[in-house]
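Just so it is clear, none of the values below were taken in a lab; they were calculated from the coordinates. Quantities reported herein were computed from a predicted structural model and do not represent experimental measurements.
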Amino acid sequence: MIKKTLTTSLLASSMLLGQSALAYEAGDIFIKAGAITVDPQENSSDIRITSPNLGAATGAKVGLDSDTQLGLVFTYMATDRVGIELLAATPFEHNISGAGVISGAGTLGSTKHLPPTLSVQYYLADPEAKFQPYLGAGINYTIFFDEDTSPTLTAAIGPLAELAGAPAGAVEATSTKLAIEDSIGASLQVGFNYEITDNIGLNAAVWWMNIDADAEITAKTNIGTVKAKVDVDVDPYVYMVGAYYKF
């Protein structure tokens, strides 16, 4: 009887150990939090005066700085190797500066954005492994809001018009507004999880996102309303380092 009891206990313990060793299973849910940085790799068109239709202010471009916020990631394991992930974050804010021939102009304005991104991931290691590298691909939807302009941009409208062919001193602006269209595009990802306990671990990931910022500037001037456009391929690298909890 004792021998039978011991055998039964050992079998049960082996089964439990086998189950606990399986780090990743279908139905697992991960919540990750950490510092996330959006680092634009922007490529800007020339600023174009579209109303009146003067054309491009040749060489006048814009640039964006990077920003770090709190990142939140939710992952659902569809199988022991395939995950579905949603990336969220607190709003990012980027200063918009002059670039190209107006690189010394300084800050022209700013914008905030949210970049929710849905990805499908493939985990490369065995489900039992503590170190879990993965690859992902998905879609990003970027929402721009709270666009603002600076007095520097207002003062630059006249020189921009001159670069586009207007007579010197012909245009003087008194105020400006900025609007940026939302963007939808692809995303690619590489990252890893490292298990510390059955439920807690570390995470690091890098995304590349296809984000386009198509912006319109509206200026009140001495000749009426002047409008300008600039298109920026933002295409940032997004870096996140943090920790996760698995349910």
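Numbers at a glance
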item: Under 5 Å, built H, 5+ apart or other chain: amide partners of Asp67; result: Val38
item: Other-chain or far-sequence residues with amide H under 5 Å of Ile211's (modelled H); result: Val234, Asp235
item: Crossing angle, helix 151-163 versus the chain [Cα axis fit, 0-90 degrees, rounded to tens]; result: 60 degrees
item: Using alpha-carbon coordinates, inclination of helix 2-21 to the longest axis of the chain, degrees; result: 10 degrees
item: Candidate values [x] 55, 13, 12; [y] 30, 19, 17; [z] 46, 20, 16, label of the one derived for semi-axes √(5λ) of the Cα gyration tensor in Å; result: [x]
item: Under-24-angstrom lysine pairs by C-alpha in the chain, whenever the two are 8 or more apart or on separate chains; result: 17
